[in-house]
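Report on the following structure.
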Ligand code: HEC
């Protein structure tokens, strides 16, 4: 069952240009939603939307109770974009 759900998430078409990692929402679901919720606002760390990008960048390198999440720069940029990160 969870395997089917995982496949369904992976197969959701990306609205971005073909072949480019541009779907921050999909990346967030795959890499962050386990702990922060599908909409980024119902995890233990509270609402992640609109946080300063420096705070999000620091968190993905590993921050206190949060483990390091390895991400390529373009993946992180797509996630920051989707979260509406402030400069
Ligand atoms: C294994 C669980 C887990 C995953 C996966 C995870 N986080 Fe976290 N995250 C946490 C926890 C727990 C905290 C709270 C850290 C603390 O305050 O001790 C946190 C905190 C944060 C914070 C707030 C940091 C602050 O300074 O307040 C941000 C931003 C964040 N995470 C972003 C992300 C992003 C983006 C991803 C995906 C790339 C992600 N997290 C994936 C567990 C996770």
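Readers should treat all values here as calculations from the given coordinates under stated rules, not as data from a laboratory. This structure is a prediction, so every number in the text was calculated from the model and none was measured. A quick note on method: Cβ atoms are made from the backbone with ideal geometry, for glycine too, and the neighbour counts reach across all protein chains shown.
For the residue pair residue 42 and residue 74, what label-to-label distance in nm results when each label sits 7 Å from Cα along the Cα-to-beta-carbon direction?
3.2
Please compute the alpha carbon radius of gyration of region 27-87, then divide it by the globular-protein estimate 2.2 N^0.38 Å. Two decimals is fine.
Against the compact-globule rule of thumb, the ratio is 0.98.
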